[in-house]
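What follows is a set of notes on a single structure, which appears directly below.
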Amino acid sequence: MFELKKIIGAMLMPLPLLGIACVICLCMTFRSNKVLSLFGLLAISCLLLISTPFFAQKIISPDTQLHYVFDVNKHTTLDKIVVLGCDVNPNPHLTANSQLGNCAKSRLVEGLRLAYKYPNSQLIVSGGGIGKVTNSSLMRQTAISLGVNATRIKQNPSAMDTADEAKLLAPALVDFKVALVTSANHITRAKSLFNAQGIEIIPAATDYYDFSAWPIHKQFIPSAGVLKAVTSQWHEVIGKAWISLRRWLDPEAL
């Protein structure tokens, strides 16, 4: 009964419910316009399939990202901890940590873990934002509220993407031992951009997606959270393709 309740509840969520409704409608209009109905049915079916944990797991390949976990036992010292920016939700009525999106919080938590492990290291928080509210300023305020000395923190509020972050931070990172904190699926692209600026970094990945432990009754039910993971992975595919194109057109571009 418990699993049946969970299955019914999951199927009534917006993504699977509306997706199934679209499939039914397309099937009903199949006679009047077969080509468009078939195309629409295929598109909706693909969307629903990649939103299931079973298929998403094969797309995001979490096992390939595990070697980017930062192992404190392998590094006795660390000079700089760079936390790359992510999503923000500006609202003056909320505290700084509540204005950080889940991705940004995940990255900051990993940065703080390393900051406490290496008390002599500098914590660099990066990223622009929306209007006057920047990712770096929200991260700084949050870090201070959690006990990090303000003098240890450096901001990089001007960067609007990873390429900007690499270019703007490079002069401050030369000849230092640097840990780069970002999402697991973003780490290879970020590493490539920092390496292009002559900066060797130690990956410190976080914000992992892994659905292998989900119960079998959830493996084939579409979920918005799963779709978010696939979308994030697709964002990285497009980002890497863009970098490759820019470098092909101009080797000095990125």
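Filtering the range 28-67 to residues that are of a type outside the set (Lys, Arg) and not in a helix (DSSP H, G or I) leaves 29, 30, 32, 33, 51, 52, 61. Total residues in the range 47-86 satisfying the condition of being touching a residue at least 12 places away in the same chain (Cβ under 8 Å), surrounded by fewer than 16 Cβ atoms within 10 Å (Cβ to Cβ) and among the charged types (D, E, K, R): the figure is 1. Among the residues of this structure, residue 222 does not count as one that is out of contact with any helix residue (DSSP H, G or I) (no Cβ under 9 Å at 6 or more places or on another chain), more than 25 Å from residue 135 (Cβ to Cβ) and in a loop (DSSP other than H, G, I, E, B).
Can you find a residue that is touching a Lys or Arg at 6+ places or on another chain (Cβ under 7 Å), of a type in the set (Ser, Thr, Tyr), surrounded by fewer than 22 Cβ atoms within 10 Å (Cβ to Cβ) and within 24 Å of residue 192 (Cβ to Cβ) anywhere in the range 162-169? No, every residue in the range 162-169 fails to be touching a Lys or Arg at 6+ places or on another chain (Cβ under 7 Å), of a type in the set (Ser, Thr, Tyr), surrounded by fewer than 22 Cβ atoms within 10 Å (Cβ to Cβ) and within 24 Å of residue 192 (Cβ to Cβ). Checking 103, 27 one by one, the residue that is of a type outside the set (S, T, N, Q) and touching a Cys at 6+ places or on another chain (Cβ under 6 Å) is 103 and no other.
Residue check: is residue 153 open to solvent by 10 Å² or more (accessible area, probe 1.4 Å) and of a type in the set (Val, Ile, Thr)? Yes; evaluated as a whole, the condition is true for this residue. Among the residues of the range 87-97, the ones that are assigned to a loop (DSSP other than H, G, I, E, B) and open to solvent by less than 70 Å² (accessible area, probe 1.4 Å) come to 3 in all. Within the range 24-44, does at least one residue satisfy the condition of being within 28 Å of the chain's Cα centre (by Cα) and either among the acidic types (Asp, Glu) or surrounded by 12 or more Cβ atoms within 10 Å (Cβ to Cβ) (or both)? For the range 24-44, residues within 28 Å of the chain's Cα centre (by Cα) and either among the acidic types (Asp, Glu) or surrounded by 12 or more Cβ atoms within 10 Å (Cβ to Cβ) (or both): present. Pairs are defined by a Cβ separation below 7 Å, a sequence spacing of at least 6 or placement on different chains, a first member in the range 166-179 that is farther than 15 Å from residue 127 by Cβ, and a second member that is assigned to a helix (DSSP H, G or I) and open to solvent by less than 20 Å² (accessible area, probe 1.4 Å); the pairs so defined are 179/114. If the condition is being open to solvent by less than 30 Å² (accessible area, probe 1.4 Å) and in a helix (DSSP H, G or I), then the range 228-254 contributes 229, 230, 236, 239, 243. A search for C-beta distances below 7 Å between a residue of the range 198-227 that is surrounded by fewer than 17 Cβ atoms within 10 Å (Cβ to Cβ) and any residue that is assigned to a loop (DSSP other than H, G, I, E, B) and among the polar types (S, T, N, Q), counting only pairs 6+ apart in sequence or on different chains, returns 219/52; 220/52.
The values are calculated or read from the model by the stated rules, or taken from the named source; none is laboratory data. The shown structure was predicted, so the numbers you read here are calculated from the model rather than taken from an experiment. Don't worry about glycine lacking a Cβ; one is built from the backbone with ideal geometry, like all the others, and counts go over all protein chains shown. Keep in mind that these areas ignore ligands, DNA and RNA; they rest on the heavy atoms of the full protein, side chains included. Shrake-Rupley method; radii C 1.70, N 1.55, O 1.52, S 1.80 Å.
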